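Report on one structure; see the data block that follows.
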Amino acid sequence: MGRAEKKNSGRKKRSVLKVILTIFLILILLILAACGGAVAYFFHITSPMSKEPEGKVEYRIPSGKTVYQVAQDLEGLGLIRSWKIFYYGVRLHVFGDDGGNPVKTGFYNLDKSMSVQKIASMIRTGAPEYLTLTIPEGLTVRKVANLLGEHNVCDTEEFKEKCKDPDLLAEYGIPMDTFEGFLYPDTYYFVEGSPAEVVLRKLVDTFFIKANDIPNLAGKSAEEIYDTVILASIVEREYKVDSEAPLIAGVFANRLKAHMGLESCATIEYILTEIQGRPHPERIYYVYLKIDSPYNTYMWDRLPPTPISNPGFVALKAAASPADTDCYYFVVKDPDAGTHTFSKTLSEHNSAKSAYLLLKD
């Protein structure tokens, strides 16, 4: 082979090598670009749904719930962008080792500002199992304390003591020596064995949050709304049908303006059961109406000194805005339906009462 042929052969080899190197570099760049895109996508898909702490969500994982179900729940709640990324990320330990237990039963306070990694970490560590408890309207402090104790939320006696704690009462601006009336009836999530003060604060804080949604109570102190709460506590024990609550409050408001006793049997029941410690009476006898007590609205033409129950939203709203009525009396009309007959005069009231007694017999 001549020198010229050798030179041409060497040039061809270099050209081929250059082409191969170019293709190789292009492939490397494409791979790097693809990897970079994948990494960028992964960071985007696992990033928080919001930059600001907002969109708080209470989420409970009951016993037996799977990672697959949790992942779909989280996407449905708007906490993550892709349930698949969450599911496979947890299963493949992308977000850390789960020790063989990818989700733990518990109650979680999540936020849209949390990353997928943060949420995955939280549900691996677990949280205290919350129990759900509904506190009905119209219970007294004693009955609320007993209910909390029966469900192991907190110690019954400790809760009763906290309801008379002068420092706590002063902190909330309660003008009397009890939180009676300010334990808002609602459905709550509690941790079993909680400190009584923590539970009390939850109920009282909820009261003021709810009261702030009622126009005539919004923004006012406990002292400013105290009489309204007392009236609401009586209305709570008297009404059965929501639409009648404002009318009952209106009747009581009229009687107070006219310096007439409210004559509410609910206040007599309070004396018997909460002050005297007797069992709940099957009926109110005439002799009970003579009990000398500031809570006896048959003897005095004013409100009792404190609430007689813990009223709910309907009763609070009714007491804050009583119906404009010219009625001064009401009596049960249909005990099954819970309706009443409202009267302007005593004679009308007595006729309605007689009609009810005839129907009852």
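Considering the range 66-78, the residues that are in contact with a helix residue (DSSP H, G or I) (Cβ under 8 Å, 6 or more places away or on another chain) and closer than 12 Å to residue 123 by Cβ include one that is surrounded by the most Cβ atoms within 10 Å (Cβ to Cβ), namely 71. Every condition in (1) touching a Cys at 6+ places or on another chain (Cβ under 9 Å); (2) surrounded by 15 or more Cβ atoms within 10 Å (Cβ to Cβ); (3) outside any helix (DSSP H, G or I) holds for residue 193 except the one numbered (2).
Residues are listed down the side, and each one gets a yes or a no for (1) within 23 Å of residue 229 (Cα to Cα); (2) surrounded by fewer than 17 Cβ atoms within 10 Å (Cβ to Cβ); (3) of a type in the set (Phe, Trp, Tyr); (4) out of contact with any helix residue (DSSP H, G or I) (no Cβ under 8 Å at 6 or more places or on another chain):
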{"position": "318", "(1), (2), (3), (4)": "yes, no, no, no"}
{"position": "323", "(1), (2), (3), (4)": "yes, no, no, no"}
{"position": "329", "(1), (2), (3), (4)": "yes, no, yes, no"}
{"position": "334", "(1), (2), (3), (4)": "no, yes, no, yes"}
{"position": "341", "(1), (2), (3), (4)": "no, no, no, no"}
{"position": "347", "(1), (2), (3), (4)": "no, yes, no, yes"}
{"position": "351", "(1), (2), (3), (4)": "no, yes, no, yes"}
{"position": "354", "(1), (2), (3), (4)": "no, yes, no, yes"}
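Scan the range 214-224 and tell me whether some residue there is under 27 Å from residue 107 (Cα atoms) and either open to solvent by 10 Å² or more (accessible area, probe 1.4 Å) or outside any helix (DSSP H, G or I) (or both). No, the range 214-224 contains no residue that is under 27 Å from residue 107 (Cα atoms) and either open to solvent by 10 Å² or more (accessible area, probe 1.4 Å) or outside any helix (DSSP H, G or I) (or both). For the range 133-145, state whether one or more residues are farther than 23 Å from residue 229 by Cα and either open to solvent by 30 Å² or more (accessible area, probe 1.4 Å) or at pLDDT below 85 (or both). No; the residues of the range 133-145 include none that is farther than 23 Å from residue 229 by Cα and either open to solvent by 30 Å² or more (accessible area, probe 1.4 Å) or at pLDDT below 85 (or both).
Of all the criteria given as (1) among the aromatic types (Phe, Trp, Tyr); (2) open to solvent by 20 Å² or more (accessible area, probe 1.4 Å); (3) in contact with a Ser or Thr (Cβ under 8 Å, 6 or more places away or on another chain), the one not satisfied by residue 172 is (3). Just to be sure before I move on: is residue 183 assigned to a loop (DSSP other than H, G, I, E, B), crowded, with 19+ Cβ neighbours inside 10 Å and among the aliphatic types (A, V, I, L, M) in the structure I sent? Judged against the criteria, residue 183 is a match. The set of residues in the range 239-252 that are part of a helix (DSSP H, G or I), in contact (Cβ under 8 Å) with a residue 40 or more places away in the chain and under 25 Å from the mean Cα position of the chain (by Cα) comprises 242, 245, 246.
Out of 37, 10, 99, one residue alone is of a type outside the set (A, V, I, L, M, F, W, C), open to solvent by less than 30 Å² (accessible area, probe 1.4 Å) and at pLDDT below 80. It is 10.
The values are calculated or read from the model by the stated rules, or taken from the named source; none is laboratory data. Just so you know, these numbers come straight off a predicted model, no measurement behind them. All Cβ positions, glycine included, derive from the backbone under ideal geometry; neighbour counts span all protein chains shown. These area figures cover heavy atoms from the full protein model, side chains too; ligands, DNA and RNA do not enter into them. Shrake-Rupley method; radii C 1.70, N 1.55, O 1.52, S 1.80 Å.
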